[in-house]
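Every number in this text was worked out from the coordinates using simple rules, so none of it is lab data. Computed from a predicted structure; not experimentally measured. Cβ sites come from the backbone with ideal geometry, for glycine too, and all protein chains shown count toward neighbours.
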Ligand SMILES: C[S@@+](CC[C@H](N)C(=O)[O-])C[C@H]1O[C@@H](n2cnc3c(N)ncnc32)[C@H](O)[C@@H]1O
């Protein structure tokens with residue numbers, strides 16, 4: 001399956017819309033990620049970049065907090081749904097959506113917040129290059145937040161895509177201590193629904209770092 005599809009095709013299929021921007025139904029909850037809400041709630045809003053924004057729940061939440069958001073995803077179906085979510089919530093003016101493959105190109109400029117929430121893909125290992133580009137897109141005084149699964153799921157223990165621990169993310173980011181303060185680098189449990197509908201506990205990780213002003 002994954003061998004035959006491009007990353008874009010894989011995600012358009014996964015979102016169930018066959019590339020037309022509005023598929024059968026949402027695959028995520030519509031709620032923002034808990035780690036984003038927990039880590040970012042206290043920050044003064046500025047510009048934000050959401051990498052792999054999916055159906056846009058995080059971008060909408062950020063916009064509601066006062067952030068001016070650029071939200072990127074490889075899937076046109078996801079972007080279509082995210083745009084609709086923004087319209088429905090009155091946040092469309094505060095969010096610029098971009099359909100873009102981050103393995104091929106990265107948004108220009110710097111942002112007060114760069115957030116990557118579960119930017120994983122079974123169709124294509126998300127490269128370490130994307131993590132470093134995320135780091136380089138943080139403005140002085142800004143925050144980098146990387147949330148992800150710290151290993152494969154119990155239903156696919158041999159998944160070979162890049163699912164690093166917090167320590168591995170920190171090593172990959174290669175943060176210059178003169179320029180960066182690592183504020184969090186830790187694993188934590190999170191409940192997730194497995195494909196068969198059962199709820200399993202997974203080990204996720206959070207890396208949060210602040211670029212010195
Ligand atoms: C596991 S989902 C997470 C979505 C969202 N951040 C969330 O937490 O609900 C991974 C997302 O990354 C996107 N993605 C995967 N590879 C990508 C790439 N190379 N460039 C941009 N987006 C990508 C997928 O389309 C998908 O929406």
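Quick check on the chain: helices-only [θ] at 222 nm, where DSSP H runs of length 4 and up contribute -39,500 (n - 2.57) each and the sum goes over total residues. Nearest 500, please. Taken over the chain, the calculation gives -7500 deg cm²/dmol.
At R0 = 22 Å, how high is the FRET efficiency between residue 179 and residue 44 if r is their beta carbon distance? Nearest 0.05 is fine. Once the sixth-power term is evaluated, E becomes 0.65. For the pair residue 168 and residue 110, label points projected 7 Å from Cα toward Cβ lie 3.0 nm apart. Packing-based ranking of 179-189, 55-65, 125-135 yields 55-65, 125-135, 179-189, ordered from highest to lowest mean Cβ neighbour count within 10 Å.
In units of the rule-of-thumb radius 2.2 N^0.38 Å, region 78-153 shows an alpha carbon radius of gyration of 1.22. Picking from 34, 139, 178, which is most flexible by a Gaussian network model of the chain using Cα springs under 10 Å? Among 34, 139, 178, the largest mean-square fluctuation in the Gaussian network model of the chain belongs to 178. Legend: translational diffusion of the chain by Stokes-Einstein, Rh = Kirkwood radius over C-alpha pairs, 4 °C, 1.567 mPa s; D = 74 µm²/s.
In the chain, what % of DSSP beta bridges are antiparallel (nearest 5)?
Details: 20 of 40 bridges.
Given both bridge residues lie in the chain, the antiparallel proportion sits at roughly 50 percent.
The ranking of 208, 68 from fewest to most other beta carbons within 10 Å of each one's beta carbon is 68, 208. Give the calculated FRET efficiency between residue 132 and residue 188 to the nearest 0.05, with a Förster radius of 22 Å applied to their Cβ-Cβ distance. Calculated value: 0.35.
Ranking 149, 26 by Cβ neighbours within 10 Å, fewest first, what do you get? List each step's numbers first, then the result.
Numbers: 149 19, 26 15.
Lowest to highest Cβ neighbour count: 26, 149.
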